[in-house]
Amino acid sequence: MKLIIGFIVLWPLIGFLFNGLGRHIWSKKVIAYKATGYIVASFIFSILAFLNVQSSGAVTVHYFDFINTTSFKIPFDLRVDALSSLFLLVITGVGSLIHLYSTAYMQEEASHHYARYFAYLNLFVFSMLLLVLGDNYVIMFIGWEGVGLCSYLLIGYWFTNATYNYAAKKAFIMNRIGDLGFLLAIFWLIVKLGSVSYGTVLTAESLAKLSTTDITAITLLLFVGAMGKSAQIPLYTWLPDAMAGPTPVSALIHAATMVTAGIYMITRSNILFSASEFTQHVIAIIGISTALLSATIAIKQNDIKKVLAYSTVSQLGYMFLGLGVGAYSGAVFHVITHAFFKALLFLGAGSVIHAMHHEQDIRKMGGLKSKLPITHITFLIGCIAIAGVPPFSGFFSKDEILAAAFAKSPIYWALGVLGAAMTAFYMFRLYATTFLGQFRGTDEQEHHLHESPFAMTLPLILLAVASAIAGAIGIPELMGGHHWLSHQLIPIVGEPHEASLSHSTEWALMGISVAIAVIALLIAVNKYKRQADGEPLTALGKFLYNKWYVDELYNNAIVQPLNKFAGFLKEVIEKNIIDGAVNGTGKVVQYSARKIRLIQSGQVGYYILFMVLSIIVLFLFWFNDLSILTFFFKLTNKL
Amino acid sequence: MFLLLFLLIPIVAALLLLFIKSNASSNSVSIGAGILTLIGSIYLLMVNAGDYDTSWLPVLNSRFSLHLDGLSKLLILLTSITFPAIFISTKNNEIANRNIFLSLMMFTQAGLIGVFLASDALLFYFFWELALIPVYFLCSIWGGEKRVAVTFKFFIYTFLGSLFMLIGIIYLYANTADHSFAIDSLKHANISGGQSATVFALFFIAFAIKMPIFPFHTWQPDAYEQSPTAVTMVLSAVMVKMGLYGVIRWLMPLFPAAFLAHSNIVVTLSVIGILYASFIAIRQDDVKRLIAYSSIAHIGLMNAALFAHYQIGVQGALVQLFSHGINVLSLWIIADIIEQQTGTRSMKALGGLAKKQPTLAILLVAFSFANIALPLTNAFVGEFLMFNGLFQFNPWMAALAGVSVVLAAIYTLNMVQKVAYGEISEATNQMQLPNKNAQMVLIVLLVIVFFTGIYPQPLFDLTADTLTQLFVK
């Protein structure tokens, strides 16, 4: 088992080194086969690890000590259990498909850039696997920052484009703000518990050692970390900009895997989070606010990837709502289904962009239904799944979160349903504008329209199947299901809550949310199947189109003032005050030297007088004793 | 005996260089001597070289005594990596009177090694100045346009600090029972608490200026900018470590009470300095000044971790002394290549390095991420432990200092973006063939970065004895 788990992580690393170091050597074919092959290998090993967990439970393996000092120790341990084995399958499974897709999507790149792309992508999978496999918070943090690095490198993959570089930098810096929170939480744990290993920290004994303040502070700090990585208010603005990266990257990193790291982290630490009601409220409120805010923005966006990006932020908000109301397995469920349908939607968008020669504005599309049949049908499945229409996967996971939210507070539920309605609306606005009606692009584009190659459509088809049926892993008992997933997660999050809602309430809630979603999607289809959305005319429309001006707000309220402050330090404090004082001292010395020179009359008597006087002054005021005198006596004696 | 021989290698090489006129042979001598010291320092890691002790200034009862512990080994290793790395990577730079230049460099190396070995205070002081004086000449002769004024300031400033230390040393000496400069005697000097605090302050000023920490730092960016880059590398990779080394070797053991009594103020000062330097770094356009301010911030963190005085943080600082040296040396080597080949250090004028010289750009990106302490690079280990120590000392201080983690990402990635990315600028377009020697050196350094980042245990093991001495009474 030690080798198998080790190689799950190592395969992608080998792939990274292979393509990274050999980028000028290998042909594109070799690069593509190797890069995809290593991830598939990792997937196969993940299946083995998963089966092992099913048959004989969780395994922790020790490799070496990362840090081992007299006072403190961080082992390099990896752990495969119910939670991490699920994430393993999603990461390597979806990861394999996206690698396969990329082999065709990135075909236009020169071969050494092609290799660079796959090297980064492999490195990402490596870091992501480390993140979920680590048996302590420090290993998780290593993966956590590692995925941030890869995200940075891939967003800025086309490095000659300044806008992309800014987006990459923004992503890394906003993530770093979150990371600081994460780090402080780790330090807090170390001070209080002397350990960062899950086996020690996440136990009832450790919990008993922590005061309420400790727990609230630690969980809030961890949540700050999650805010950065999983793009929650106020640290979400990097994610839409991250769409600058190649589209498969958006699918893998900025939709299916990396951005769900925050949910993984909180689920992993659920024992801590459940102990702080305050933090749970904060998480639920931020989650639902993020879900609604970004849904409103998505309604008015015209860039196919931007719509999907805001949709991702919004769906992540739902997951945090789930975490906040204690529905950990519901949140994980939504992570899994979302990974399928959102990866599908992004890859579908990529297929459209590919066919449209890098056009991303949906107003210039339309009528692609007949030209891209496979992309169309799979994209439609993705839209239905995310809109929450039964029996597609999104319905089950979203419903589970909403039901738990209702149990906590009907307000959460109502807001959640409102968000679900908006989701259905903007997704079908996107669908109808892109695929229905007349083609609105140039003749040349129309002439070149083509369905994507098999390497791209195969992942679409497989993900569409998964998006359609993945709900099966969590069919609630209400519907006569067994809810495999929540049973699976019992070792991590405990027994599923006794449903405090009556069956009739649950059916009613479900019926309402589905009905609202279906109505919203029909309105959208009807409205946009013939014509695209024009420029926003109303004040509200402009407000949403401009994303609530949050970027502008951050820029004016935070970035610019800090920049000015830095300039003030540099130009005024550093130059004039601190260095000024230093130089001033120098000038005073020079000046007094000129004056004192006058005392140098050349008469030895004066000199001796001054010497004696100054020695006396020195002794009286400074040392206040005579020991130094004895030193000089001894010195003269010896000489 | 081996220690003495080891110390003599750079001195002999320095003397030899004075008589060699040809550039090629002075390069060979310096690189040869540099590699010889490197081999010697690796040998020192493996064997237990005994102390060396002989009479030196019998009049004053000062002895030429050299002592080697884990920390000394680590810093001597750093010194011995730094010098040959500099010699190799700058060997084709145009330098007038190359042999004199290299000779002075070797004297500096001797002084540095001496500082890290001396266990007699007067001898320590002697080496301390020996390391400084050649640097004075190096900067004022081979430096940039404003070299005279800048070097003068640098010299006066640090020399003033040294004098304070000298007064402190003599004062302690005068109060020892056996009138000796040996560290063990000084430890038991018969002085009151108030006097101890005064002498502590005298030592501290010397070290604070050398590091430098806020607000004693203003000599540094100018000096880094104006010095020939080879000298800047020495200054920031090794020389500033003298200050931190002084704190660990002298300040902590000699004035334990005063040390703890002043920890609050010094940590506060350091944390202010960390943020202050980080903010200023954001606004720099000159690559060298940016690295200089970044370095001030990093040194400030090390100093804060030392004064916070928790074992875990001090351990982090010990490791970071080495790691920071490697990282900042690498950044300077890259900055030097860029300046040599483009004729500018202004980030506005640069850009497109990734297209022009991809290998160099990759190295720049890698070392930049090491500079911001990405996990699995060497700096993460040190910073993680140092922040830990600081957090135990005072969580708010750690949180404040932690802001620099974000600020470091801002200025470092800014630099990466402006230098490496974008279209090829006019200046970048002037770059000729890659400097293969330097790239080879950088690759070796990168291996060290990742090795000690992934498996830092050897560094812990090496410094265990130093740490034990500091914390186990």
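The values are calculated or read from the model by the stated rules, or taken from the named source; none is laboratory data. This is a predicted model, so every value here is computed, not measured. When we count neighbours, we look across all protein chains shown, and the Cβ atoms used for this are built from the backbone with ideal geometry, even at glycine.
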For residue B:381, state whether it is β-branched (Val, Ile, Thr), farther than 28 Å from residue B:467 by Cα and in contact (Cβ under 8 Å) with a residue 40 or more places away in the chain.
-> no
Quick count over region A:132-175, residues being within 7 Å of chain B (Cβ to nearest Cβ), surrounded by fewer than 24 Cβ atoms within 10 Å (Cβ to Cβ) and among the charged types (D, E, K, R), is 1
Flag if residue B:425 is farther than 18 Å from residue A:148 by Cβ and hydroxyl-bearing (Ser, Thr, Tyr) | yes
Just one of A:284, A:226, A:291, A:261 is assigned to a helix (DSSP H, G or I), of a type in the set (A, V, I, L, M, F, W, C) and within 20 Å of residue A:426 (Cα to Cα); which is it?
-> A:291
Hey, residue A:66 hits all of (1) away from every other protein chain (no Cβ under 14 Å); (2) in contact with a strand residue (DSSP E or B) (Cβ under 8 Å, 6 or more places away or on another chain) but one; which does it fall short on?
-> (1)
Candidates B:114, B:161, B:144, filtered to the one that is part of a helix (DSSP H, G or I) and either surrounded by fewer than 19 Cβ atoms within 10 Å (Cβ to Cβ) or within 14 Å of chain A (Cβ to nearest Cβ) (or both) | B:161
Please name all residue pairs, on different chains or six or more residues apart, with Cβ atoms under 6 Å, provided the first residue is in region A:148-164 and is small (Gly, Ala, Ser) and the second residue is assigned to a loop (DSSP other than H, G, I, E, B).
-> A:162/B:422
In region A:7-44, how many residues are of a type in the set (Val, Ile, Thr) and over 27 Å from the mean Cα position of the chain (by Cα)?
-> 3
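Per-residue answers, yes or no, for (1) acidic (Asp, Glu); (2) outside the structural domain of residue A:26 (by TED's automatic domain parsing); (3) surrounded by 17 or more Cβ atoms within 10 Å (Cβ to Cβ); (4) within 21 Å of the chain's Cα centre (by Cα):
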{"site": "A:46", "(1), (2), (3), (4)": "no, no, yes, no"}
{"site": "A:51", "(1), (2), (3), (4)": "no, no, no, no"}
{"site": "A:61", "(1), (2), (3), (4)": "no, no, yes, no"}
{"site": "A:75", "(1), (2), (3), (4)": "no, no, yes, no"}
{"site": "A:88", "(1), (2), (3), (4)": "no, no, yes, yes"}
{"site": "A:98", "(1), (2), (3), (4)": "no, no, yes, yes"}
{"site": "A:106", "(1), (2), (3), (4)": "no, no, yes, no"}
Looking at residue A:296, is it buried (at least 24 other Cβ atoms within 10 Å of the Cβ), under 21 Å from residue A:387 (Cβ atoms), assigned by TED's automatic domain parsing to the domain that holds residue A:400 and among the polar types (S, T, N, Q)?
-> no
Residues satisfying the stated conditions in region A:346-364, i.e. more than 22 Å from residue A:108 (Cα to Cα) and buried (at least 24 other Cβ atoms within 10 Å of the Cβ) = A:362
Residue match in region A:485-494 (condition: part of a loop (DSSP other than H, G, I, E, B) and surrounded by fewer than 16 Cβ atoms within 10 Å (Cβ to Cβ)) | yes
Please name all residue pairs, on different chains or six or more residues apart, with Cβ atoms under 7 Å, provided the first residue is in region A:557-574 and is over 10 Å from residue B:279 (Cβ atoms) and the second residue is outside any helix (DSSP H, G or I) and of a type in the set (A, V, I, L, M, F, W, C).
-> none
Is there any pair linking a residue in region B:185-197 that is in a loop (DSSP other than H, G, I, E, B) to one that is exposed (fewer than 12 other Cβ atoms within 10 Å of the Cβ), with Cβ under 9 Å and at least six apart or on different chains, and which?
-> B:188/B:177; B:189/B:177; B:190/B:177
Where residue B:199 falls short, out of the listed (1) under 23 Å from the mean Cα position of the chain (by Cα); (2) more than 16 Å from residue B:124 (Cα to Cα); (3) at pLDDT 85 or above; (4) not hydroxyl-bearing (Ser, Thr, Tyr) | (1)
Taking the residues in region B:18-41 that are surrounded by fewer than 16 Cβ atoms within 10 Å (Cβ to Cβ) and touching a helix residue (DSSP H, G or I) at 6+ places or on another chain (Cβ under 7 Å) as candidates, determine which candidate is modelled with the highest pLDDT.
-> B:35
Inspect region B:351-361 for any residue being within 21 Å of the chain's Cα centre (by Cα), closer than 30 Å to residue A:116 by Cβ and either more than 10 Å from every other protein chain (Cβ to nearest Cβ) or buried (at least 24 other Cβ atoms within 10 Å of the Cβ) (or both) and give the result as yes or no.
-> no
Within region A:334-354, is there a residue that is in a helix (DSSP H, G or I), within 24 Å of the chain's Cα centre (by Cα) and of a type in the set (Ser, Thr, Tyr)?
-> yes
Of (1) under 33 Å from the mean Cα position of the chain (by Cα); (2) surrounded by 14 or more Cβ atoms within 10 Å (Cβ to Cβ); (3) assigned by TED's automatic domain parsing to the domain that holds residue A:408; (4) modelled with pLDDT of 85 or more, residue A:499 satisfies every one except (4)
On the given criteria, is residue B:125 at pLDDT 90 or above, within 27 Å of residue B:251 (Cβ to Cβ) and crowded, with 17+ Cβ neighbours inside 10 Å?
-> yes
Just name the residue that is surrounded by the fewest Cβ atoms within 10 Å (Cβ to Cβ) out of those in region A:551-574 that are over 24 Å from the mean Cα position of the chain (by Cα) and of a type in the set (Val, Ile, Thr).
-> A:572
Enumerated helices (runs of 4 or more DSSP H) restricted to region A:393-481, each holding at least 2 residues that are modelled with pLDDT of 90 or more and not basic (Lys, Arg) = A:393-408, A:410-435, A:454-469
Return yes when residue B:320 is under 20 Å from residue B:406 (Cβ atoms) and not in a helix (DSSP H, G or I) and no when it is not.
-> no
Region B:217-236, subset buried (at least 24 other Cβ atoms within 10 Å of the Cβ) and not in a helix (DSSP H, G or I), residue farthest from the other protein chains (Cβ to nearest Cβ) = B:227
